[in-house]
Structures are given as structure tokens and as C-alpha cells.
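Reading through the C-alpha cells given below for one structure.
The values are calculated or read from the model by the stated rules, or taken from the named source; none is laboratory data. Keep in mind the model is a prediction, meaning the values are calculated, not measured. As a convention, Cβ positions derive from the backbone with ideal geometry for all residues, glycine included, and neighbour counts pool all protein chains shown.
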Amino acid sequence: MLQFFKEMILRLLFLQFVFVLTTLPLKALTWMHGSYTGNGTSQTISGLGFQPDFIIIKGAAATVGFVKTSSMASTSSKDISSASAFVTDAITGFTASGFSLGANTAVNNNLATYYFIAFKASAGELKVGTYTGDGSGFGQAITGSGLAPKWMMIFKTSVLPVTTFDAFGTFHTDFINSNPTSGIIKSLDADGFTLTSSSYNTNTTVYYYVALGGASVSVGNFSGSNSDQTIALAAQTQALYVRNRANKYSLLKTKSMPATSAAYFNATANATTQITALTSTPTFTVKGNTEGNMLGSSTDYLAFSNGTALPIALLDFNVKCVDDKPVIEWTTASETNNDYFTIERSRDAVHFDEVTTVKSSGNSNSKKSYLYTDESCNKKEVFYYRLKQTDYDGRYEYFPWVSSSCNEVDQDLVIFPNPVTDLLSYKLYSNKEDDICLNLFNDSGQLMIERMVHVVAGVNLFEMNITGFPKGTYFIKLNGTDLSTGRKFTKEN
């Protein structure tokens with residue numbers, strides 16, 4: 001009898017162990033969508049909460065889409081819509097919580113709006129990698145992805161990227177307006193994909209790929225119509241990729257975009273008459289007889305669930321003087337789960353103190369403007385203000401500081417050229433002869449140069465050679481007996 005009970009206990013423990021194993025939750029894909037405003041030089045977009053491995057960026061205006069993966073060289077990225085070469089001035093890298101941009105107008109034109117969708121590689125969900133072509137006419141199998149792809153893309157420098165859905169079979173297409181054709185991808189497999197002999201399997205040539213699968217993405221298909229259609233989705237969706245099988249353009253739609261807006265991948269402005277709704281029902285709506293809903297053809301879509309949105313899309317942040325007081329103003333294009341803003345102030349652009357908090361709009365897809373007057377400042381001093389944004393869950397993000405002075409003398413400090421590559425000139429007006437302390441800081445607050453300069457009453461012109469400095473944002477600060485002023489500038493290679 002004792003042996004019977006021992007066996008029963010062991011069986012129950014085994015069943016409990018099996019139950020625990022089989023009910024573990026599926027690992028979700030880590031990804032985020034959002035928007036940002038270009039500055040025309042270089043900048044880093046942060047606040048994602050992870051280091052991306054794959055990103056697509058598309059401007060709201062008539063600019064081409066760009067892609068970058070972590071398997072590419074550190075500063076390389078690719079125009080999605082053409083057979084152009086890799087460039088090094090567009091998406092220039094991934095950071096621990098975002099990505100960096102160069103001055104390429106396709107991703108960073110001054111004051112232009114851009115939308116992005118960024119992903120982190122995850123076992124069973126997303127794989128980025130490379131393979132080397134073997135020229136085989138029998139098909140080369142690319143394995144080790146750890147997933148059965150539902151959608152994938154392949155590209156290399158100077159070749160038009162191609163993409164396919166698992167429902168395409170042996171067919172593939174591109175991100176622009178080519179009809180589906182065969183001859184590149186033989187099949188999508190349980191652990192990767194198989195190629196045919198083609199220009200995407202040339203012997204010794206390196207190719208880049210992205211494979212998406214798992215539970216966080218779903219694919220589907222619907223027949224085109226002359227009328228608007230509302231398509232039901234399997235789960236609530238934050239982003240959607242749509243490709244008609246006829247000679248039509250691909251479309252990208254995210255919740256960061258205006259409600260009726262969707263993006264083409266070529267140099268065409270975002271459309272407002274294609275995908276006109278992406279709801280929490282969950283459904284999306286396509287207009288009748290359009291790129292994504294063409295009568296007589298079928299359309300495939302890729303839907304992303306479980307993603308998050310960048311908390312806010314900041315359009316501008318600046319400080320101006322009104323009645324000798326700094327007035328801090330900022331505008332957001334959208335806000336998601338945004339709790340409040342904090343305004344912080346500094347005298348040295350390094351050590352900041354809280355001035356006040358401002359309640360936010362929470363959730364919004366329209367422009368929201370904010371204003372705060374700093375009544376406590378001394379108009380004879382230069383102050384530096386920065387904005388901090390805090391989510392409902394306590395996560396926060398800082399935005400770059402701006403300087404302000406309501407002292408008229410400060411308006412006579414001029415730096416040129418800006419951006420600068422080697423020799424920086426600065427013109428300073430002083431109301432008396434004085435010895436001025438000059439400090440130069442990088443964007444991390446590190447002191448790079450400290451020296452004394454002698455000024456006379458009136459206009460003074462100086463030069464500083466910064467040829468050997470790394471590219472980035474710098475801050476020059478000048479302090480004298482009755483003078484305290486500063487300016488930012490950008491160093492380029």
C-alpha cells in the first residue's frame with residue numbers, strides 16, 4: 001500500500017510539472033512605433049526602452065523609406081524603394097534605448113515629421129541576419145532562424161529589396177509597385193527559408209534578411225472591392241503592413257500616424273484615402289478601389305499586436321522672453337499614456353533642478369500646446385531649460401535643453417558657421433573691457449576647453465580650431481564680470 005501511494009504522488013508531481021510547462025505564456029515580440037521631428041543635422045531618438053535590431057522609417061512628406069538592421073555595418077542603412085547603395089548618413093546606429101540619425105533628408109529634414117517602427121530580435125518572433133549566396137540551381141536552405149517566417153524581406157547594397165508572405169508560396173514582390181513574381185524564394189520553412197538560383201543567391205555575395213513569425217504577428221488576405229471594406233483582425237493591432245498582389249504600392253499604417261493617414265515607401269507623401277482607420281475593435285478600413293483594395297485582385301496584410309507607442313511626439317520646445325521673463329513653450333503631435341511634464345532649469349547646462357510640473361493631455365492624436373512662465377529667474381543670467389516627460393507607469397524621458405536669457409547683451413553673441421567642421425568663429429559684444437572665462441562642453445557635460453579671453457568694449461571677434469573634435473553637439477559658455485552667455489553648435493566631420 002505504501003508503494004502505491006508513493007507511485008501516485010510521483011505521478012501527480014509529474015502531471016503538475018507537465019501542466020506548468022505547457023501553460024507558460026508565449027514570449028511577445030518587443031517593438032515600438034512612434035514619430036519624431038527632424039532637425040536637419042544629426043540627432044538621437046530615445047525612449048524606446050530597448051536597443052532595436054530592425055527599424056523602418058518613413059517621412060510624412062514625399063521622402064523614401066529607409067531600413068536598418070543590426071546585422072548591417074554600424075552606420076549603414078538602405079533606401080527601401082530602389083536599387084541604391086547603402087548610405088552612412090541616414091540611420092547611423094542603434095543605441096541602448098533608440099537610434100541615431102545623420103543629416104540625410106529622407107530621415108532628418110529640418111522640422112519634417114517622420115514615423116518609425118522598431119523591433120528587437122527575439123527567439124521565435126524576429127530574426128535578423130545574413131547569408132552568403134552559393135549560386136546553387138537546386139536551392140540553398142537558410143536555417144537557424146528559430147522560427148517559421150510569416151513574412152520576410154531580403155536586401156543588399158545596390159539591389160531592390162524583396163519581400164514575401166507565407167501565403168505567397170514561391171512568389172515575392174517589392175515595397176513599391178511591381179507585380180508578384182517567382183525566382184528568388186523557393187519556400188518559407190519551419191526554421192528559415194530556401195532560395196532558388198537568382199540574383200539573390202549569387203555565389204560569395206552577402207545578403208541581409210529579416211524574418212517575422214510567432215504569436216505577435218498575424219497575416220491575412222482579402223479580395224479587393226469597389227467599396228470601402230472593414231477587415232476584422234485576430235487581435236488589437238498597433239501597426240499594419242498591406243500589399244496588394246496587383247501592380248500596386250505597399251502601405252504602412254501605425255497608430256502614431258493621423259487617423260486616416262498611411263505611408264507609401266517610395267518618395268510619395270502619406271495618403272489619406274487608403275487605410276482610413278485602425279481601430280481597437282480590432283479592425284482596419286480600406287477605401288474602395290485603391291492601392292490596398294483593388295477590385296479584381298487580392299491583398300495581403302501583416303498585423304502587429306502587443307506593441308507600444310512612443311509616449312509623445314515632440315514637435316518643438318523653445319524659450320522666449322516676454323516682459324523680461326522666460327516663457328517656455330512646447331508642442332506635441334501625439335501623446336500616449338502621458339501623465340505629466342517636468343520643466344527643469346540649470347545655470348551650467350549640466351546640473352538641473354525642477355521648476356514645476358505641468359499636467360499633460362494623457363492620450364491624444366492631435367497637436368497640443370503648452371506654456372509656462374518662469375517668474376523666479378534673474379533676467380541678467382543665462383538659464384538652460386529641459387523637458388522631462390513621465391508616463392502613467394512612472395517611466396520617463398528627457399529632451400535636449402535650450403538656452404535663454406532676457407539680458408539684451410546676450411543677443412549679441414553670434415556663432416558661425418553652424419554646423420561647423422573645423423574653424424569656429426564667435427562674435428561677442430561687451431559693454432566694457434574685461435577678462436572672460438570661456439568653457440566648451442560636449443553634449444555629455446564634459447569640459448573640453450577652458451581658457452581666458454580678453455575683450456574690449458564693443459564688438460569682439462574670436463576663432464577656435466575644433467578640427468580634431470568628434471562630431472556632435474557642443475556648448476560654448478562665456479562668463480565675465482557682468483556677462484554670462486552661451487550658445488549651442490553642431491560639429492560635423
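Of the residues making up the stretch 148-170, those that are buried (at least 21 other Cβ atoms within 10 Å of the Cβ) and touching a Leu at 6+ places or on another chain (Cβ under 8 Å) are Pro149, Trp151, Met152, Thr164, Phe165.
This table checks each residue for (1) under 22 Å from the mean Cα position of the chain (by Cα); (2) at pLDDT below 80; (3) surrounded by fewer than 16 Cβ atoms within 10 Å (Cβ to Cβ); (4) farther than 30 Å from Phe50 by Cβ.
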position: Leu387; (1), (2), (3), (4): yes, no, no, no
position: Tyr392; (1), (2), (3), (4): yes, no, yes, no
position: Arg395; (1), (2), (3), (4): yes, yes, yes, no
position: Phe399; (1), (2), (3), (4): yes, no, no, no
position: Cys406; (1), (2), (3), (4): no, yes, no, yes
position: Tyr429; (1), (2), (3), (4): no, yes, no, yes
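In summary, strands (runs of 3 or more DSSP E) completely within the stretch 219-311 and bearing 3 or more residues that are surrounded by 19 or more Cβ atoms within 10 Å (Cβ to Cβ) occur at 239-244, 251-254, 275-278, 298-304.
Residues being touching a Ser or Thr at 6+ places or on another chain (Cβ under 6 Å), closer than 17 Å to Thr143 by Cβ and small (Gly, Ala, Ser) are entirely absent from the stretch 161-183. Quick one: which of Thr279, Thr285 is at pLDDT 90 or above and out of contact with any helix residue (DSSP H, G or I) (no Cβ under 6 Å at 6 or more places or on another chain)? Selected residue: Thr285, the only one of Thr279, Thr285 that is at pLDDT 90 or above and out of contact with any helix residue (DSSP H, G or I) (no Cβ under 6 Å at 6 or more places or on another chain).
Residues that are within 21 Å of Thr69 (Cβ to Cβ) and free of Cβ contacts under 8 Å to residues at least 40 places away in the same chain, at least 1 per element: which strands (runs of 3 or more DSSP E) completely within the stretch 129-211 meet that?
Details: elements: 141-143, 151-156, 159-165, 185-189, 192-195.
Those strands (runs of 3 or more DSSP E) span 159-165, 185-189.
This table checks each residue for (1) surrounded by 20 or more Cβ atoms within 10 Å (Cβ to Cβ); (2) modelled with pLDDT of 90 or more; (3) of a type outside the set (Phe, Trp, Tyr).
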site	(1), (2), (3)
Glu7	no, no, yes
Gln16	no, no, yes
Val20	no, no, yes
Leu29	yes, no, yes
Asn39	no, no, yes
Phe50	no, no, no
Asp53	yes, yes, yes
Thr69	yes, yes, yes
Ala90	yes, yes, yes
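Within the stretch 330-354, the residues that satisfy the criterion of being out of contact with any Ser or Thr (no Cβ under 7 Å at 6 or more places or on another chain), touching a residue at least 24 places away in the same chain (Cβ under 8 Å) and farther than 14 Å from Ile312 by Cα are Glu344, Arg345, Ser346, Arg347, Asp348, Ala349, Val350. Counted as qualifying within the stretch 391-493 are the strands (runs of 3 or more DSSP E) with 1 or more residues that are among the aromatic types (Phe, Trp, Tyr), namely 396-398, 414-416, 423-430, 434-442, 458-465, 472-479, 484-491. Please report, ordered by residue number, the strands (runs of 3 or more DSSP E) entirely within the stretch 322-378 with at least 1 residues that are touching a strand residue (DSSP E or B) at 6+ places or on another chain (Cβ under 7 Å) and acidic (Asp, Glu). Ranges flagged: 325-335, 338-346, 353-359.
Against the definition (under 18 Å from the mean Cα position of the chain (by Cα) and within 26 Å of Leu111 (Cβ to Cβ)), how does Ile328 come out, yes or no?
Working: under 18 Å from the mean Cα position of the chain (by Cα): no; within 26 Å of Leu111 (Cβ to Cβ): yes.
So Ile328 does not fit the description; no.
Please verify whether the stretch 78-93 includes one or more residues that are under 13 Å from the mean Cα position of the chain (by Cα), in contact (Cβ under 8 Å) with a residue 40 or more places away in the chain and in a strand (DSSP E or B). Yes, there is a match, as at least one residue in the stretch 78-93 is under 13 Å from the mean Cα position of the chain (by Cα), in contact (Cβ under 8 Å) with a residue 40 or more places away in the chain and in a strand (DSSP E or B).
Yes/no matrix, rows are residues, columns are (1) in contact with a strand residue (DSSP E or B) (Cβ under 8 Å, 6 or more places away or on another chain); (2) of a type in the set (Phe, Trp, Tyr); (3) more than 24 Å from Gly169 (Cβ to Cβ):
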| residue | (1), (2), (3) |
| --- | --- |
| Thr69 | yes, no, yes |
| Ser74 | yes, no, yes |
| Ala83 | yes, no, yes |
| Phe86 | yes, yes, yes |
| Val107 | yes, no, yes |
| Gly129 | yes, no, no |
| Gly135 | no, no, no |
| Ala141 | yes, no, no |
| Gly146 | yes, no, no |
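Answer yes or no: is there a residue in the stretch 157-171 that is touching a helix residue (DSSP H, G or I) at 6+ places or on another chain (Cβ under 7 Å) and within 17 Å of Leu126 (Cβ to Cβ).
No; the residues of the stretch 157-171 include none that is touching a helix residue (DSSP H, G or I) at 6+ places or on another chain (Cβ under 7 Å) and within 17 Å of Leu126 (Cβ to Cβ).
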